[in-house]
Every structure is written in C-alpha cells, then in structure tokens.
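The values are calculated or read from the model by the stated rules, or taken from the named source; none is laboratory data. Since the model is a prediction, treat every value here as computed from it, not as a measurement. FYI the Cβ positions are ideal-geometry reconstructions off the backbone, even for glycines, and counts take in every protein chain you see.
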Amino acid sequence: MINSILEMYKLRFAETIVYMLQATEYQIGPYLRWLWRVADFGKVAHRKTLVKTPRSRLLLAFVKIGMTFQVIAALAWGLWSIKNGDPRGIFALDLLISTPIVWAHIVIMPLLLGRFLVANPYSKLQIARSAKIFANHPGVKIAVAGSYGKTTMKEILLTVLGEGKKVAATEANRNVAISHAQFAKQLDGDEDILVIEYGEGAPGDVAKFCRTTKPDIGIITGLAPAHLDKYKTLEAAGKDIFFLAKFLGDKNVYVNEESKSLRSFIKKSHQLYSSSYAASWKIEDIKASIAGVNFKMTKDGTSLRLSSSLLGRHQVGPLAVAAAIARDQGLTDKQIAEGIGKIRPFEHRMQPRDAGGAWIIDDTYNGNIEGMLAGLELLEELPAKRKIYVTPGLVDQGKESSKIHQALGKAIARANPNLVILMQHLITADIVAGINETGFKGQLVLEEDPLNFYTNLDQFVAAGDLVLLQNDWPDNYN
Amino acid sequence: MKTVAVIFGGRSTEHDVSIVTALASIIKPLELTKQYHVEAVYIAKDGSWYWDEKLKDIALYQSSKIEDFLHKAPKTHLLFDNGLTLVKSSQFAGRKMYRKIDLVFPAMHGTHGEDGELMGLLQMANVPYVGCGMSASAVAMDKVLAKQVAEAAGVESNPWIWFYTRDLARHHRQVMNNISNLKYPLFVKPAHLGSSIAISKVEKESELTNALEVAAHYDDKVVVEESVNNLIEVTLPVMGNDEPVPALLEKPAYKPGDYFDWDTKYMQGGKKGKMGNGDVVKGAQGYSQIPAKLPPDLYKKAEQLALSVYRAIGCSGIARVDLLIDSKTEKVYFNEVNPLPGSLYAHNWKAAGVSNVELVTKLVNYAQERWDAQQKIATSFSTNFLKQF
C-alpha cells in the first residue's frame, strides 16, 4: 500500500500517466476509469512502455513542467509561511501532496482543447473532402462491416481481387471516418476496386461511413458483443451495422450466416455465405489441417478447388465469398485460385508457428466470442499429442459477460484440451464455472502473470503439442 | 512449497557450461512450475560457495561484475542438520541467514561436481538430489571404469587400452607397446574430462606423443582407443530410476573425418559441423539430427544397448549415453556416459515430447522417489559390540 502511494511521487509518474493516455488511444473516458481504479502505479506499464511520439512528448513536457511548477509554488509558499508564521502555510503541504493527483487530471485539458479546437474541425473538413473523392471515384467500392472478421475479410479481398484488378484497401485496422478520409487522399483515381473497412464504435457510425464512402457492395462479417459501452445492446450494434445493407437497398449485400447473432437481420435479398455455400456457390469436401483449408466450390457445372493457408473451417465462408465476388468482377478461375493460395495467416489471427515440433496458434487478436468458438472447434479437430488452450477471456462484453464466459468455458471443455491455462481476471470464475459444468477432465491452471507466461511459452511446450492462444488483454484491462 | 537448491559453477574446466545449464535449463523452468522456491548456489572457480538471488542473472557472469560480487558477497556455509541448510552472513548486526533445502539439483559438469564428489556430500547430508548417485557418477565419469562395467554387462567398446599418467614416464616402453597393438587412427582422451576437452585424433605415430602429453596434462588416467570405421556417432539421453525412459537418438552434425570437439560444441554454435540440410536442429551443443536417421533395427539395437549401459552403471535421474556405430557392419560400440548432460539435453527431450518444465519436474520427482526408497534401507544395526569392548 505504502509503495503504491509512493509510486505517485516518483519522477516516472508523469511518464506513467502519459502512457495510460496513449494505451487508451487518448480517449478521456477509458483513461479516467483506468486512472481511478489503479491500485499500484508501479505496475501500470507492465507489457509495454510509452512510445515517444510528437503528441506523447508534448503531453509529457506539459505534465512535467506543470508538476515542477506546482512543487516549486508549494515549497515557496511553505517557506514563506514558516518565515512569516502564517498558519495558512499548512495548505502548502496540501498543494505539494496533491501534485500527482492534480496533474493526472489536468493532463486531459490539452487533449480536450486540441480535440474541440483543432482535431474535430480538421477531421470534419477532411471527411467532407473525402466524400467528394469517393463520389467521383469510378471504381467499385466494397464496404466491409461487422464486429469481427473485418480485417481478415478485407485482406482476403485485397489479395484475391489484386490478382486481376487494381485494388486499394484501407490500411491495417485503420477503419474510422478520418482513416477513410486519409485513404481517399492517397488514391490514384484509376483503381478498379476499393475495399473499405468500417470500424463502428458508436450508434450512427456506419451510417456516417456509408454517406461518405458510398459503397456499391457490402459484406457483413459477423456480430458479437463489442463496444457495448456505447451501443448498450447487441441489437443496437446489429442495427448500426445493417445500415450498410439499408444504404445498398438490401442488394449486393453478402452476410456471414455462420454468425448466429446476424441471422435475425437477414433479408431474402441478402446473399449469404458460410462453410456450406457462398452466394449461389455450393461448398463441399472441406479439409482442415495445421497447413490450412482446402475446399471445392461448384456452381452451374463449374468447379473450383481452392487451398489457403488460413486456419479453420470458419475461414472457408470468407474465402469462398471473396472467390464469388472475384468471379463477378471478371477474374479468371486461375487468378482466383492463385489469389486464394497467396493469402497468408494474418499476424496474431490464427497464425501458426512451429516451436521445435510443437505448433502454437497465435490468435491473440481474437476478441469476440464467435471467433473464440471457431478457434476452439479447430483445436478439437486437429490431431496432437497434447493440446493446450490459453486465454484471459474477453473484454467489453457488457451485461452478458458472465453468460458469455460461461459459454466459453463450456466450449473449452468440449474442445477437450489436456491443459487449460486461464489468465487470472475478474471473469475467470465464470469461465471456470462453464468448464466445470461439463465435467472437464484435463488440467486447469490459473496464471497470474500473463506476460511472464507468454514470454516463456517455449519452456512449456514440446514436440507434438498444439497450443491455441486466444485473445490478450492490454495493460488498461488489468 | 519445496525449496530446491541448484548448485553450479565449480572447480572444473566446464565451469562456464555449468552456469548456462543451471540458469537456462534448470532454474528458469523450475521457477516457471511455481511449485518450487529456487535458490541459486554458485561455486566459484576457487571452490568458494555463494548463495544469492543475483546469481540467477546471466549478465552477472558475462562481465567483470561477477568479480565485484564475489569480492563483496558473504560466502555460504553448509549445515548438515537433519538435511542440508545453507548459511551465510546477513551482513547486518552479525546475524546469519539460514535456508533449509528440501532438494538439490546439481548442475555441475566435469571434475569436483559431476564425478560423484558433490553427490557424496549430498548423500552425507541425507538430502534428495537430482541425477545419478555418487557411485554411478564416479564410474560414469571415469571412462576406464565405465568401459569395464559396460563390457562386464556385455556391451562392447571399440579396441582400447588405458594407463596411469605416471606410467607414461615410468613405463614408457610398455605403454607404447600396448598402443602399438591398436590400429590407427586413434583417439587419445583424458579419462575423466567431459565436453571433449583435451581429446586428440591421432592419424599417425608421429602425432602420438604430443596427443599423449596433452591428455596426461589434464588427467591421471589416459585412454587410447581405435577409431571406428564407417563411423556414425550417436548419443541418447535417458531418464528415470528403475524403469529408464529414452529420449531420441541424436546424431551430432559434423563433416566426415571431423569430430565433435569443444570448439565445435560450444564456441561456434555448431557452425563448424553444420551439415547444411533441413534435417538438423540447433541444440544445446550445436546442430544435430534428431532422431538420427538409422535403419529401424539398428536404431532399436543402439537404443537397447544405451539402456543396458544406463542400468549397468547404476544411473538414475538422468544421463546421456554415447555410442559409436560402424554403419557397414551395423556393430554398435559403447563410447562413454555423461551423468549430467550439458543443458540436460533439453533440446532432445523437447523433440521427444518432453517440455523443459516437464523435464525438470520429472527429474525432481525421480530424485524424491530415489531418496524415499533409500530411507527404507536400514542404516543401523544393533549389537553389543561396544559393551564387550
């Protein structure tokens, strides 16, 4: 306790609070919530440290100067009071002691001012300009929306369509309005196809994105609890995502039917995809292994045999719908097969790694229950001498958190790994309850130091092992 | 939670290898089990004992910091008080710090540690310890005794002779006559050193004297043996007490005509001997082929011979048996036993499906199992001998 209080009076405290702001992407609400629940500031920057950027440097200088000024003022006032026998000098002590607390809060002022006076007006201008660029662009615009699977879908489309067309896609997971505006600025203007990822975070976001980017085709990848602090319910999040379908008049919309939560939003005019069919293509003869998936697509006597190194049967639907769209866009079967073959697992998304004869599947960017369940199905299906499953659970699951984590626990037990390692958090008890409910017979370990575990994972595995790592919580969720 | 003392360093030419074995292959995985409190006990090159948390950091040994540490740190003493207790000065008000040890994990290589000396001390303290016992360690680390025991158990070595170093001067002619009965090329080895230190390959008689002098410089017993034609050198890590379990036969990767000397094993990361094909993996001691590509019958035969030697010498816990194979005649010869393989040969165990954490856990369990069994053996016998005296 004393040590954690003393941490606030160490020189590095200024860096700690700027790190907290950076880790929460300079969002004031999450920063303040984290600040108010921190028990020990010495353990805040556990996994990462402050990345020195112009913004973080400026904030750090602001906090350091401010704190120094307050300390000097408090000392000067205290000394003056002692010299003059002024009893009000006791308040100088308050001023001194309150320095870290005061500046941990004042630090948000430049952010607020910057946001309202500079960033927001600038963003509005950029977004308005980008709307004109998108409107005048001759290419086919494909929007990809959903609570999960967007980035994977976008990358699949980029690789497959890129085999025969000039394609541009939004970068990595830069998927909000200002990112779309920056993407528009970089376009050459002669692209055949634009793939735009929609990163919804609050009600009305998808509507705004549609009005700016004016898509011709929409792909809805899935619905799962995410950003429920803003949406409140899964239904509200679904409505927001399905604005994309509404914008397109419910035509040229492809919906992932394997996402159960999407099913209530599906209309007859929507084209569906899953591991059984994609639009009007039938999918069969799926083979899944640690090397990837292989499947056959048939339609009107035409047959395509496709292989990809993406892991898991749940990837077949997105791959197949990309192939179907590519064919509609005029790509040859050869180009499609080559494009599908070129797709490599994406970083931290069902990404396999050979660790001296053991296979480690890194799915640490998977933060939704549907994706977790798909990964667990793969764990169950793949052969291995020993299977190990590692997860901290999910964040931001709202009121349903307990239910979702119990369901996750049951799915873990169904996959029947030999060893389950849970990173100890508040939700761990719910996962354990789910695991125990199904009579799990393997070994269950609760790990309190995830970073230490991940760093030393190679010490725990041997040839023949299959390890699935799902989701990873950053510092601000600890 | 059990307290495990990992003892490493020591007065041995393999001092530095021991540090790596202790820190990387034993202390780290032991701590990751969260089942043991691990104490690092370091024996300096002068034989002084130290016990400190700081000794778990490899950086300490990679710079001159170790000299400063040894200069300032209090030396550790041992107390045999119904087990083993570490004692050192707290450097505060003349008080002493004590740490009762539940189990010892020796990580010593070579002389004054791997050769049974340390095991004798631990046996006196009646504390469980990992690895081969005192007598097995002493036999295994003496290439002469090991070959004799193996031969008594029906496991042949390639033609060899041995002599005491003192006889090289006193009975020079006799020694040279004995050697002349062997066919060149020969290998000249000190009888007790590991890690291929001071081993020479002698192609012709003119090189012999120099090789004998080098070996004699390091040991009081020297072994001279014929080389094996069409040689395939393999090694097999084994663990267990009464029912030993083999890992995978491993074939060190080096060029034909070369051999796996100290420099190849430790100083070049195996680059000198790298085969350059996809079958090799980088292990604790360079690149190796795991499992060794041998005809299934020959593989089985070599594995069984290694297990026979392990049992004959009385090994327990862990050891590594080296074999020489004539690939044409498919004859398998015993070469030597290493009672505490460098880095526990964790890379091989890993390839055999045993993780580093599992390996140290199993070894601790074997140590406890052996100690429990030993406690059932009577060590006192009531007589009226003293009354009659």
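Within region B:154-169, at least one residue is under 15 Å from B:LYS221 (Cβ atoms), without any contact (Cβ under 8 Å) to a residue 24 or more places away in the chain, over 21 Å from the mean Cα position of the chain (by Cα) and surrounded by fewer than 17 Cβ atoms within 10 Å (Cβ to Cβ). Picking from residues in region A:69-119 that are of a type in the set (D, E, K, R) and surrounded by fewer than 11 Cβ atoms within 10 Å (Cβ to Cβ), the one that is modelled with the lowest pLDDT is A:ARG88.
Under the condition of being outside any helix (DSSP H, G or I) and more than 14 Å from chain A (Cβ to nearest Cβ), the residues counted in region B:1-35 number 14.
To keep it simple, each residue is scored yes or no on (1) closer than 22 Å to A:GLY371 by Cα; (2) touching a strand residue (DSSP E or B) at 6+ places or on another chain (Cβ under 8 Å); (3) not assigned by TED's automatic domain parsing to the domain that holds A:LYS154.
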{"residue": "A:ASP250", "(1), (2), (3)": "no, no, no"}
{"residue": "A:LYS260", "(1), (2), (3)": "yes, no, no"}
{"residue": "A:TYR277", "(1), (2), (3)": "yes, yes, no"}
{"residue": "A:ILE290", "(1), (2), (3)": "yes, yes, no"}
{"residue": "A:SER308", "(1), (2), (3)": "yes, yes, no"}
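Scan region B:6-30 for residues that are out of contact with any helix residue (DSSP H, G or I) (no Cβ under 7 Å at 6 or more places or on another chain) and either at pLDDT 95 or above or under 15 Å from B:ILE66 (Cβ atoms) (or both) and the total you get is 4.
The single residue among B:ALA59, B:ALA93 that is free of Cβ contacts under 8 Å to residues at least 12 places away in the same chain, surrounded by fewer than 18 Cβ atoms within 10 Å (Cβ to Cβ), aliphatic (A, V, I, L, M) and closer than 22 Å to B:ILE26 by Cβ turns out to be B:ALA59.
The residues of region B:334-355 that are within 25 Å of B:LEU145 (Cβ to Cβ), aliphatic (A, V, I, L, M) and within 14 Å of chain A (Cβ to nearest Cβ) amount to a single one, B:LEU344. Note on region B:103-146: residues that are among the hydroxyl-bearing types (Ser, Thr, Tyr) and crowded, with 24+ Cβ neighbours inside 10 Å amount to 2.
Of all residue pairs spaced 6 or more apart or on separate chains, those with beta-carbon atoms under 8 Å, a first member in region A:355-382 that is farther than 15 Å from A:ILE421 by Cα and a second member that is β-branched (Val, Ile, Thr) and part of a helix (DSSP H, G or I) are A:ILE369/A:ILE404.
Here is a yes/no grid of residues against (1) of a type in the set (Phe, Trp, Tyr); (2) out of contact with any strand residue (DSSP E or B) (no Cβ under 7 Å at 6 or more places or on another chain):
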| site | (1), (2) |
| --- | --- |
| B:PHE163 | yes, no |
| B:PRO190 | no, no |
| B:LEU193 | no, yes |
| B:PRO237 | no, no |
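For region A:424-433, the criterion of being in contact (Cβ under 8 Å) with a residue 40 or more places away in the chain, more than 14 Å from chain B (Cβ to nearest Cβ) and not hydrophobic (A, V, I, L, M, F, W, C) is met by at least one residue. Taking each residue of region A:438-462 that is more than 16 Å from A:PRO417 (Cβ to Cβ) and looking for partners that are modelled with pLDDT of 85 or more and in a helix (DSSP H, G or I) with beta-carbon atoms closer than 6 Å, six or more apart or interchain, yields A:ASN456/B:LEU32; A:GLN459/B:PRO29; A:GLN459/B:LEU32; A:GLN459/B:ASN356; A:GLN459/B:VAL357. Only one entry of B:ALA306, B:ALA312, B:ALA302 meets the criterion of being more than 14 Å from chain A (Cβ to nearest Cβ), within 16 Å of the chain's Cα centre (by Cα) and at pLDDT 95 or above, and that entry is B:ALA306.
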